[in-house]
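No value in this document is a laboratory result; all are computed from the given coordinates. Predicted model, so just to flag it, every value in this text is computed and none were measured. A quick note on method: Cβ atoms are made from the backbone with ideal geometry, for glycine too, and the neighbour counts reach across all protein chains shown.
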Amino acid sequence: MRFLHNVIGPDFDKADLVSFDFGDVDFIMRLPENSDRDGEKFLAPSDLTCITDDQWDITGDSIKTLTLAKHRWVYKYDDPVNEIDSFLTDIYLVVKEIPAEKQTQPVPLNINTFSGWILEMMHHWIHLTVRDMPTGEPFEVVMKNWQAPATVADMEIIKRDNLDWVVAPYGPIDNGPPVQHICIPLNRKYFMMLMVETSKMYYADLADPFLDKEIELVEAQICDEFLSYINIVYSPEILEAIKKQRS
């Protein structure tokens, strides 16, 4: 794909297909080669129903999390004479286990309950981050220092044939642009979370052609390209459960 200022990135069409099996759901995507071998983390495509408890991490929100891929892609100026890096994009793909008390409810199979729960989870993250700070400020005031959705209406919903996806920015204001979090429901037990962060390369002897707003636009285009190569295959049972939630 070609971006602003004649910048090009990895070729998704030629990337390997990667598949993760969740029993009643197959998650399939194209994953271009990692540009940063030292920072690479990648769980080999596998049957995730066989993952043992000790392979999961328990995050601060007490949700079991498993890292599937941590990749970095370098985007370059398409100039054969002066081929230099333009910006980097880091992607972090994890699967999270929905708490047991939520699995009996239609949380992931209904976009309204799923997006509401994602909002609660992000607000809980903020509480965990600031709970030890001696500010004593109410949550509404603390929220002003964060780039995060205040309500479900602040989230972007990506319409899909079966289960819709939720996109929300998250991060402190003083850390620059927030990290985009794309939440993809799979079944009653699991959902995917993809985090995407793009940063510019700086050179002392070269002017920076990218405005901050342009980098945000490029990051959105990278997200769109990556997501367009994701395919989810649901079992007939999950499709029937989704149908009931919509009726």
*Using the membrane-span-like helix rule (whole DSSP H runs, Cα extent along the own axis of at least 18 Å, mean Kyte-Doolittle hydropathy at least 0.0), which helices of the chain qualify?*
111-130
*Which cross-chain or sequence-distant (5 or more) residues have an amide H under 5 Å from the amide H of Leu31, H modelled 1.01 Å from N in plane?*
Asp16, Val18
*For the chain, with only Lys/Arg (+1) and Asp/Glu (-1) charged at the beta-carbon, what is the dipole magnitude about the Cα centre, in debye rounded to 20?*
780
*Treat the count of other C-beta atoms within 10 Å as a stand-in for reagent exposure and order Thr198, Thr65, Thr52 from fewest to most.*
Thr52, Thr65, Thr198
*For the chain, take the alpha-carbon Rg, divide it by the Kirkwood Rh, and send me Rg/Rh.*
0.98
*Please name which of Ile91, Ala168, Val179 has its Cα lying farthest along the dipole of the chain towards the positive end, using unit charges on Cβ (Lys, Arg +1; Asp, Glu -1) and the Cα centre as origin.*
Ala168
*Name the lysines eligible as straight-distance cross-link partners of Lys96: C-alpha to C-alpha under 27 Å, and not fewer than 8 places from it in the same chain.*
Lys41, Lys64, Lys70, Lys159, Lys189, Lys243, Lys244
*Arrange Ser115, Ser35, Ser62 by Cβ neighbour counts within 10 Å, fewest through most, would you?*
Ser62, Ser35, Ser115
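Could you line up Asp164, Asp224, Asp53 from fewest to most neighbouring Cβ atoms inside 10 Å?
Asp53, Asp224, Asp164
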*Of Glu140, Glu156, Glu225, the one that fluctuates the most in a GNM where the chain has Cα springs shorter than 10 Å*: Glu140
*Rounded to the nearest 500, what is the 222 nm mean residue ellipticity of the chain from helices alone, with -39500 (n - 2.57) per DSSP H run of 4+ residues and division by all residues?*
-7000 deg cm²/dmol
